[in-house]
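In what follows, a single structure is set out as structure tokens and then discussed.
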Amino acid sequence: NLLLTCCFCAGLVIQLCESNTYENMCYSLVGFESSTSATNFVIVLTAAMLAVSVVVIIVSAVSASRETTMRLVSSGREPMRDGITLADGQQWHLFLSHVWSTGQDAVAVIKNELMQFLPGCEIFLDIDDLKRIGELETYIGRSQVVLCFLSRGYLRSKNCLREVRAALTMGKPLVLVHEADPDKGGGTLAELRSECPEELRA
């Protein structure tokens, strides 16, 4: 956009310098004595901006290639780019189940980190993907794996329990992440287990 804007302005300058109507105005306004000088300046400026753009693109590409990502030992390639895709009827690789009051910030970090390590990974997070709260079970059904972020209040949340029950009923693989730090909304497993409904206890 900047390059286009500069080219447009440069075109106006050249047109001004070529005009006989505004004689001497070219030099007064932009410092060029003729349209030839203005044209040469525009060519040099455009070439310089193109060179800068190319350098920025190259630097960005090199930085992206050096980012730490997970790769398969068998191929050395990132899993999502090596044929590991979603199964039929699935929309997300991972569903992040959490309670807002004590888990929202932590799961947002988890999602960001996973998407950096696994480019192309599709992760369900309510603030990004939830359209209707009444369709939680549908979202679970369209996810391959469910991560339960166990923090204070998680097992007392009606909606979190809906997600857990749906995952168990559908036989979804479960990943448990335990927040142990009380200052971050966590607690010991014994404390958090005491919140669990009797029928879900092992």
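The values are calculated or read from the model by the stated rules, or taken from the named source; none is laboratory data. Remember, predicted model here, so these are calculated numbers, not experimental data. Reconstructed Cβ throughout: ideal geometry from the backbone, glycine too, with neighbour counts over all protein chains shown. Keep in mind that these areas ignore ligands, DNA and RNA; they rest on the heavy atoms of the full protein, side chains included. Shrake-Rupley method; radii C 1.70, N 1.55, O 1.52, S 1.80 Å.
A few points about this structure:
- Computed accessible area, Glu191, all protein chains, 1.4 angstrom probe, square angstrom: 110
- Surface accessible to a 1.4 Å probe, Ile110 within the full protein complex, Å²: 40
- The loop-placed trypsin sites (Lys or Arg not before Pro) in segment 90-168, going by DSSP, that have at most 12 neighbouring Cβ atoms within 10 Å of their Cβ come out as Lys131, Arg132.
- Sulfur and carbon atoms: percent of accessible area, segment 89-159 [1.4 Å]: 53
- With q set to 0.13, 0.14, 0.20, 0.25 Å⁻¹, the log10 of I(q)/I(0) for segment 105-202, from the Debye formula over equal scatterers at the Cα positions, is -0.49, -0.57, -1.15, -1.52.
- Under Karplus coefficients 6.51, -1.76 and 1.60, residue-wise ³J(HN,Hα) of segment 132-142 in Hz, glycine/proline x: 9, 5, x, 10, 4, 5, 5, 4, 4, x, 9
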